Amino acid sequence: MLQRIQTVYILLAFLTSAILPMFFALWTLDNGREFYLMQNPVYAALTALSAAFIAYSLVSFKKRQNQFVANRLTMILNLILLGLFLYRSLTVSGETENVSEKGIGMFLPIASIVLLVLANKAIKKDEDLVKSVDRLR
């Protein structure tokens, strides 16, 4: 539940993965318009899937192994999303609207990955503690 530190990490990861991308622009285009996550359906779908995995991980606090696996899948999804962002901002320059300035929203998957790594470390620590207590019985 909330008294466990990994739940706090997962809750913060949900915040950075599902809520903050709605408010922070990914980048600013040449014409001065800001490009948000919801303007591209692929980015929106990957972010929604990532948020769904994090929400599943948040509610499956009694099953630490499922929580661990869901966090790993979410990290992979965030790496894919970050790769798409970097690809779009660095190599796709043949379009009419070029990326001129990167926004903070582009780097939110990194924060989510870091928080999920911290959560997985805490989950592993809990799992080791439970195994050590089981050995004493």
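The values are calculated or read from the model by the stated rules, or taken from the named source; none is laboratory data. For clarity, every value in this text was computed on a predicted model and none was experimentally measured. Reconstructed Cβ throughout: ideal geometry from the backbone, glycine too, with neighbour counts over all protein chains shown. Accessible surface is based on the protein model in full, side chains and every heavy atom, while ligands, DNA and RNA are left aside. Shrake-Rupley method; radii C 1.70, N 1.55, O 1.52, S 1.80 Å.
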- Message: Against the definition (farther than 25 Å from Val8 by Cα, of a type in the set (Asp, Glu) and assigned to a helix (DSSP H, G or I)), how does Asp126 come out, yes or no?
- Response: no
- Message: For the stretch 42-87, which positions are of a type in the set (Lys, Arg) and part of a helix (DSSP H, G or I)?
- Response: Arg64, Arg72
- Message: With more than 30 Å from Val130 (Cα to Cα) and either surrounded by fewer than 20 Cβ atoms within 10 Å (Cβ to Cβ) or acidic (Asp, Glu) (or both) as the only criterion, which of Arg88, Arg4 stands out?
- Response: Arg88
- Flag if Leu82 is open to solvent by less than 40 Å² (accessible area, probe 1.4 Å) and modelled with pLDDT of 90 or more: yes
- Message: Filter the stretch 85-105 down to the residues that are of a type in the set (A, V, I, L, M) and either at pLDDT below 85 or touching a Phe, Trp or Tyr at 6+ places or on another chain (Cβ under 7 Å) (or both) and list them by number.
- Response: Leu90, Val92, Val99, Ile104
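From the list Val8, Val59, exactly one residue is among the β-branched types (Val, Ile, Thr) and farther than 16 Å from Ser112 by Cβ. Which is it? Spell out how you get there, then give the answer.
On the way: Val8 fails: farther than 16 Å from Ser112 by Cβ.
Among Val8, Val59, only Val59 is among the β-branched types (Val, Ile, Thr) and farther than 16 Å from Ser112 by Cβ.
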